[in-house]
1. What is the calculated FRET efficiency for L73 to V5, with r their C-beta to C-beta distance and R₀ = 25 Å, to the nearest 0.05?
2. What does the extension gain come out to for T21 and S81, with contour length at 0.36 nm per residue minus their alpha carbon separation?
3. Can you send over the carbon and sulfur percentage of the accessible area for the range 1-88, probe radius 1.4 Å, protein chains only?
4. At 27 Å minimum axial length over the Cα atoms and a Kyte-Doolittle cut of 0.0, report the qualifying DSSP H helices in the chain, or say none.
5. Pull out the extension gain between V43 and Q58, defined as 0.36 nm times the separation in residues minus the alpha carbon to alpha carbon distance; nm, one decimal.
6. Among rounded, prolate and oblate, which fits the range 35-79 when a ≥ b ≥ c are the square roots of the eigenvalues of its C-alpha gyration tensor, a/c under 1.5 means rounded, and a/b larger than b/c means prolate?
7. T36 to L14: FRET efficiency via 1/(1 + (r/R0)^6), r the Cβ-Cβ distance, R0 30 Å, to the nearest 0.05?
8. With n ≥ 4 as the cut-off for DSSP H runs, can you work out [θ] at 222 nm for the chain, using -39500 (n - 2.57) per run divided by the number of residues, rounded to the nearest 500?
Amino acid sequence: MLTHVVVPASRPILVTLALITVVSQWNNFLWPLVITSGSKWQVLTVATAGLQTQYDAQWTLVMAATTVAIVPLIVLFIAFSRNIVRSIVVTGIK
């Protein structure tokens, strides 16, 4: 009963939850900053912040890195946008 009725009905909600989790972990800054040592293991958010200093910022490189970092999230949103809309319809948010 659970696998045939409840799980298929809540699939859009579970996909939306997974996407929100992926986006929040993708944008995580503090934990990778604390854990990684050296520039070899830095994630995109930490490396992008490393392009800025107190007195100077290379804005062209920062914007290029931000564009590269956001492309996978846009692709995920486009791929699963139908499930996001369905989850809003199912939950009844107005």
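1. Details: r = 32 Å, r/R0 = 1.29.
Once rounded, the FRET efficiency stands at 0.20.
2. Values: separation 60, 0.36 × 60 = 21.60 nm, distance 1.52 nm.
Full extension from T21 to S81 adds 20.1 nm.
3. Details: 4920 of 6810 Å².
Carbon-and-sulfur percentage of accessible area, whole number: 72.
4. Values: long enough: 59-79 (30 Å, 2.33).
Answer set is 59-79.
5. Going from the current span to full extension adds 3.6 nm.
6. Numbers: a/c = 3.65, a/b = 1.46, b/c = 2.50.
Oblate, since a/c reaches 1.5 and b/c is not below a/b.
7. Values: r = 31 Å, r/R0 = 1.02.
According to the calculation, E is roughly 0.45.
8. On the way: 5 runs with 61 residues, N = 94.
That calculation yields -20000 deg cm²/dmol at 222 nm.
The values are calculated or read from the model by the stated rules, or taken from the named source; none is laboratory data. All of these numbers come straight from a predicted model, not from anything done at the bench. Positions of Cβ are generated from backbone atoms using ideal geometry, with glycine treated the same way; all protein chains shown enter the neighbour counts. The area values use the complete protein model at the heavy-atom level, side chains included, leaving out ligands, DNA and RNA. Shrake-Rupley method; radii C 1.70, N 1.55, O 1.52, S 1.80 Å.
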